[in-house]
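Undergrad: Please read through the structure below; I'll follow up with questions.
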Amino acid sequence: MADPPLHFENLSGAHGFQLGQQTINVIAGNQYLSNGGGDLTARLSPIPDASHTRDRKTSPPDSVCFPGTREKVVTEITTWADEVDRRRGTIYALVVYTPTPHIYWLHGFAGCGKSAVSLKIADIFEDSGRLLASYFFFRNAGHRSTMKKFAATLATQMAAAFPATAPFIDAALSANPGILNDCVSLTRQLERLVYKPFQSAIKKMPSKGPFIIVIDGLDECEDKRGVEEFIDHMLDFFEEYPDIPLRIFIASRVEQHIRERLDTDMVRLGNLDSHSAHKDIKRFLQASFQIAAKRDRVIRAYVRARGSWPARSDMDKLIKHINGSFVLASTMFKYIVQPATQEDPATPMDRLPLTLEVNGLDELYAQVLARSQHLAHFREIISTIGFLVQPLPIVGIADLLGIEAFEVIRVLLNLQTIIHVPGTDEEGKVTLCHTSLRDFLTTESRSGCLFVPPSFHLYLSYSSFSSALKNSHELPHSYGLNYFKFHWQSFARSEACDLIQEIEQFKARQFQPLLLDRIPYHTFLCFAFFHTLFLMEPLASIEDSYLLTECTQQLALAAECPDRRIRLWLERKFWYFEKCQEHPFRLSEHAHETLQHDLQRASTAIHANVCF
């Protein structure tokens, strides 16, 4: 069914209103009042750091094509994007017509340079005025790892790059006031905010070649169903509108839910692994070592005394050892030329032969992490950075963990080869240089003693809860308030650990000294058990009777704690508890007696120690 025509309503009889900077657009013969780009951006509320123009240091991936590299694959992609189909007017009697696919999927292994190529493609078509939008997914980066704001972000960029689409997007928002709500399907959002506005605008404009949307790291999106929905709808759209001058470039690893949909005749496939990176990596390393020789006094003095460095034979060995991985090349170079420390006084000349003995990226990660492994809170800091839903500044990590900022800095300064450390404690975010580090940390067969188990979400949920209730006179810590639920549910739903055993081990920690300003464990466990009972789907691994009796026992223990924040916790109204409903339980006689006893203990303690 066709959408109703857009219209302009007169304001006759109205009074007491103001018209600011308005634009009257004529759409399909009707007048439409638009409030301009600023208002449209505010209404769409896009992700500001998802495009190719983001600050890559604070919003990874920090990948860029080194000058003179990746030229062959870039040419292949730009040639595809520039192709214009010529179907009409052919004079041949028999023609087997193969239309140019609207979609290009560049795939390859982790660290082979996909994101750098995506950035290059976005830059090229931005310069030619044909880039509609770009979106760089990144795991554990808030909304950048989901599909929640994908359509709105693309629409915002498209309105700026192709202004003729803005009134159509504005009209779609007015006609569908709730279109950005979570309950609206991604298919509908893309259709109304991206595809249809582009279709409507392009009809009125002379085409200067197909426009392009660049999407990088689709495998980094943790919403697999959303990815599948996006791909399925995209394929259906191009099948229905084969003549539309639009191209979509996608770069990702070969994940099953992506491959089984994009491995089709409607998609042009590009395997970055098949493009030899040997010469490109050699060019990158030669130029990088030359720059290092100009900046590093130790290297400069060595070159004056001994001649060029690295020697040609060592350079050849290094390139062969890297085996086509740009992330390994970049990480190895940073490792070789990093400043000496008290723990690691080696010079770049000392590190080069050691690097040649490293068995791939995993061993290099292990060597770099070993530089800080002996420091206090190393495991908590590294595990937290790997598991955060969105990155935090140094002070944010310290506050979340209940430690001092200098303790975080001391650990991170030795790890700048693999982790981006901002210049100030309060501003900028601590981020991984590459997603492969998170993969390394969360895969036990690769990281060994450095492995971060899923059960660490239990520790992070406690830290989130505690930081949210840090002080009664302060606003709740935003990360803790927003992501307690995520970390607790990630732990509770994990199939990789024994939940009751992990909880019992966590309870045993109550006898250890608390970190800086942490709330008692009993309070957290009571809150978490209550959340599980009334706000989550039943867990197969834990019986409700266990959760209920533990919840009341922890409530009694918490109420008996002489901590000033217990009253705050008991009095605070948490918004997501408003949806709680009655829940029937079956208890043994002994469990019922225990429950009554603990509730009486809690009531007595609350009246005696908290309320008065």
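Undergrad: Under a Cβ-Cβ cut-off of 12 Å, what is the net charge of the residues other than Val389 that fall near it, where Lys and Arg count +1 and Asp and Glu count -1?
TA: Values: positive: Arg139, Arg144, Lys485; negative: Glu222.
Cβ neighbours under 12 Å give a net charge of +2.
Undergrad: Towards the positive end of the charge dipole of the chain, with charges on Cβ (+1 Lys, Arg; -1 Asp, Glu), say which of Ala508, Leu481, Ile381 has the farthest Cα.
TA: Working it through, the farthest residue towards the positive pole turns out to be Ile381.
Undergrad: For each of Thr341, Thr417, count neighbouring Cβ atoms within 10 Å of the residue's Cβ, then give the residues from fewest to most. List each step's numbers first, then the result.
TA: Values: Thr341 12, Thr417 21.
The fewest-first ordering by Cβ neighbours comes to Thr341, Thr417.
Undergrad: Once phi is turned into θ = phi - 60°, what whole-Hz ³J(HN,Hα) does the Karplus curve with 6.51, -1.76 and 1.60 give for every residue of the range 181-188, x standing for Gly and Pro?
TA: Each residue of the range 181-188 in turn: 5, 4, 6, 8, 5, 4, 4, 5 Hz.
Undergrad: Report the relative contact order of the chain, percent, no decimals, based on alpha-carbon pairs under 8 angstrom and at least 6 residues apart.
TA: Values: 808 pairs, mean separation 68.4, N = 612.
The normalised contact order for the chain reaches 11 percent.
Undergrad: Another one. Return the subset of Lys334/Lys470; Lys72/Lys208; Lys208/Lys279; Lys148/Lys429; Lys203/Lys224 for which the Cα-Cα distance in this structure is over 27 Å, preserving the input order. Before the final figure, lay out each step's value.
TA: Working: Lys334/Lys470 39 Å; Lys72/Lys208 24 Å; Lys208/Lys279 35 Å; Lys148/Lys429 22 Å; Lys203/Lys224 34 Å.
Where the Cα-Cα span goes over 27 Å, the pairs concerned are Lys334/Lys470; Lys208/Lys279; Lys203/Lys224.
Undergrad: If you don't mind, another one. Near the amide H of Gly270, under 5 Å away, which other amide H atoms are found, from residues 5 or more places off or on another chain, if H is placed in the peptide plane?
TA: Trp105, Leu106, His107
Undergrad: Can you compute 3J(HN,Hα) from phi for each residue in the range 244-249, using the Karplus curve 6.51 cos²θ - 1.76 cosθ + 1.60 with θ = phi - 60°, rounded to whole Hz and x for Gly and Pro?
TA: 5, x, 9, 10, 10, 9
Undergrad: Please provide three numbers in whole Å: the alpha-carbon extents of the range 278-358 along the principal axes, with the largest listed first.
TA: For the range 278-358, the Cα spread along each principal axis is 31, 28, 19 Å.
Undergrad: Residues with amide H under 5 Å of Cys65's amide H, sequence separation 5 or more or different chain, H placed in the peptide plane at 1.01 Å from N; which?
TA: Those lying under 5 Å, H to H, from Cys65 are Lys120.
Undergrad: How would Ser478, Ser134, Ser490 line up from fewest to most surrounding beta-carbon atoms within 10 angstrom?
TA: Numbers: Ser478 12, Ser134 27, Ser490 19.
With the fewest neighbours first, Ser478, Ser134, Ser490 line up as Ser478, Ser490, Ser134.
Undergrad: State to the nearest 20 debye the size of the charge dipole of the range 278-358 about its Cα centre, where the only charges are +1 on K and R beta carbons and -1 on D and E beta carbons. Walk me through the numbers on the way to the answer.
TA: Working: 14 positive and 8 negative charges, 97 e Å.
Roughly 460 debye, rounded to the nearest 20.
Undergrad: From the residues Ile319, His434, Val452, which one has its Cα farthest along the dipole of the chain in the positive direction, the dipole being from +1 and -1 charges on Cβ of Lys/Arg and Asp/Glu about the Cα centre?
TA: The Cα lying farthest towards the positive end belongs to Ile319.
Undergrad: Shifting gears a bit: Of Met205, Met158, how do they rank once you tally other Cβ atoms within 10 Å and put the fewest first?
TA: In increasing order of surrounding Cβ atoms, one gets Met205, Met158.
Undergrad: Would you calculate a helix-derived [θ] at 222 nm for the chain, using -39,500 (n - 2.57) for each DSSP H run of n ≥ 4 and dividing by the full residue count, to the nearest 500? If you can, show how the numbers build up before the last one.
TA: Numbers: 27 runs with 290 residues, N = 612.
That calculation yields -14000 deg cm²/dmol at 222 nm.
Undergrad: Shifting gears a bit: Place +1 on the Cβ of every Lys and Arg and -1 on the Cβ of every Asp and Glu in the chain, take the dipole about the Cα centre, and give the residue among Leu539, Gly68, Ile231 whose Cα lies farthest towards its positive end.
TA: Result: Gly68, furthest along the dipole toward the positive end.
Undergrad: Now a separate question. If you take every DSSP beta bridge fully contained in the chain, what fraction is antiparallel? Give it as a percent rounded to 5. Show your work: numbers first, answer last.
TA: On the way: 7 of 28 bridges.
Looking only at bridges with both residues in the chain, the antiparallel portion is about 25 percent.
Undergrad: For the range 352-405, report the % of Cα-Cα distances exceeding 15 Å. Intermediate values should be presented prior to the final figure.
TA: Values: 805 of 1431 pairs.
So the pairs more than 15 Å apart make up 56 percent of the total in the range 352-405.
Undergrad: Quick one: P(r) of the chain from all Cα-Cα pairs, 20 Å bins, percents rounded to integers, in order of increasing distance.
TA: It works out to 16, 42, 33, 9, 0, in whole percents.
Undergrad: Oh, and also: Can you tell me how the range 407-475 classifies by the Cα gyration tensor, rounded, prolate or oblate, using a/c under 1.5 as the rounded cut?
TA: Numbers: a/c = 2.68, a/b = 1.28, b/c = 2.09.
Cα axes put the range 407-475 in the oblate bin.
Undergrad: How large is ³J(HN,Hα), in whole Hz, for each residue of the range 412-425 in order, when computed from phi with the Karplus curve 6.51 cos²θ - 1.76 cosθ + 1.60 and θ = phi - 60°, using x for Gly and Pro?
TA: 6, 4, 7, 10, 6, 5, 10, 10, 7, 10, x, x, 10, 6
Undergrad: Nothing charged except the Cβ atoms of Lys and Arg (+1) and of Asp and Glu (-1): what's the magnitude of the dipole of the chain about its Cα centre? Round to the nearest 20 debye.
TA: Values: 63 positive and 71 negative charges, 450 e Å.
It works out to roughly 2160 debye.
Undergrad: Still on this structure, please answer the following. Please list the radius of gyration and Dmax for the range 360-436, considering alpha-carbon atoms only, with Å as the unit.
TA: Looking at the range 360-436, its Cα Rg and Dmax stand at 11.6, 35 Å.
Undergrad: Which net charge results when you count Lys and Arg as +1 and Asp and Glu as -1 among the other residues whose beta-carbon is under 12 Å from that of Arg509? Please report the intermediate quantities before stating the final value.
TA: Working: positive: Lys507, Arg518; negative: Glu502, Glu504.
Here the count lands on 0.
Undergrad: Report, by chain and number, residues whose modeled amide H sits under 5 Å from the one on Thr431, excluding near sequence neighbours (fewer than 5 apart, same chain).
TA: Amide H neighbours of Thr431, under 5 Å, 5+ apart: His420.
Every number here is computed from the coordinates shown, using simple stated rules; none is lab data. Predicted model only: the values in this text are computed from it and were never measured. For neighbour counting, all protein chains shown are included, and Cβ atoms are generated from backbone atoms with ideal geometry for every residue, glycine included.
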